[in-house]
Amino acid sequence: MSNVKITDKEQKFQSAIESVKKKSDVITWSLLAKELNISRQRFFISYNEFIKEERIKKKAETLAKLSEILKQKNITLISTSYETLKSKLELKCPNPSHPTYFFTATSIKHGSFSCPCCPKPKVGRPKKDGMAIAKAIAKKKGGVCLSTTYVNNYTNMLWHCGNEYHSTWLAPLQNVHNLNSWCPECARSKN
């Protein structure tokens, strides 16, 4: 069990609920009021106070959790309270020149709360060295890539197969790598 302190009011309500559960299948407010030995009116006042206290505690706990999430990203939570998870909370990034900004508690819980002024990290696959790939493929096929620059997968490059009597040809890396094409003269001699 957690190290949460239970107040007298909570203890009374919990023991009353347990007692009513032993006696009846259904827990009603009138049975709880009778078990607590208070009038129904006083029961509702006590119960509403109890619920308000619980909500305040829950909000404080949630705010502390949100603050911890933000601290991991070096962001300061300026807001000291909130009403719902859709309420906007004021945040500040470590850069002193950036203004404060607002995000909902839900956004913070899901991890989308970065400063709108800070540069975003580039996401995606790392760029591969196309020239190195072309040379490796040519070597594997017993030939050579004679091009000195790589533009993109669809730009023609100069190739030569291992047969010294065959002429060079142009083909994009896309065709050689993904479509597995190679020397047109070798392909004709096979047929």
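Derivation of every value follows stated rules applied to the coordinates shown; laboratory data play no part. The shown structure was predicted, so the numbers you read here are calculated from the model rather than taken from an experiment. Every residue, glycine as well, gets a Cβ built from its backbone with ideal geometry; the counts of neighbours run over all protein chains shown.
Below is a table of values for the structure above.
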{"read-out": "The stretch 61-117: Rg to Rh, with Rh as the Kirkwood radius over Cα pairs", "value": "0.92"}
{"read-out": "GNM flexibility winner over the chain from 74, 48, 163 (Cα, springs under 10 Å)", "value": "163"}
{"read-out": "Under the Debye formula (equal points on every Cα, no solvent term), log10 I(q)/I(0) of the stretch 130-190 at q = 0.29 Å⁻¹", "value": "-1.39"}
{"read-out": "Calculated diffusion of the chain, Stokes-Einstein form, Kirkwood radius summed over Cα pairs, 37 °C and 0.692 mPa s, µm²/s", "value": "136 µm²/s"}
{"read-out": "Neighbour-limited loop hits for trypsin sites (Lys or Arg not before Pro), the stretch 83-118 (at most 12 other Cβ within 10 Å; DSSP other than H, G, I, E, B)", "value": "86"}
{"read-out": "GNM result for the chain, Cα springs below 10 Å: residue of 155, 104, 76 fluctuating most strongly", "value": "155"}
{"read-out": "Segment residue 8-residue 62, length gained on full extension (0.36 nm per residue, minus Cα span)", "value": "17.1 nm"}
{"read-out": "Tilt relative to the chain, helix 40-72 - C-alpha long axis, 0 to 90 degrees, to 10", "value": "30 degrees"}
{"read-out": "C-alpha long axis of helix 130-140 to longest principal axis of the chain, angle in °", "value": "60 degrees"}
{"read-out": "Spin-label model distance (nm) - residue 177 vs residue 81, 7 Å beyond Cα toward Cβ", "value": "6.0 nm"}
{"read-out": "Loop chymotrypsin sites (Phe, Trp or Tyr not before Pro), the stretch 127-159, which have at most 13 other Cβ atoms in a 10 Å radius of their Cβ (DSSP)", "value": "154"}
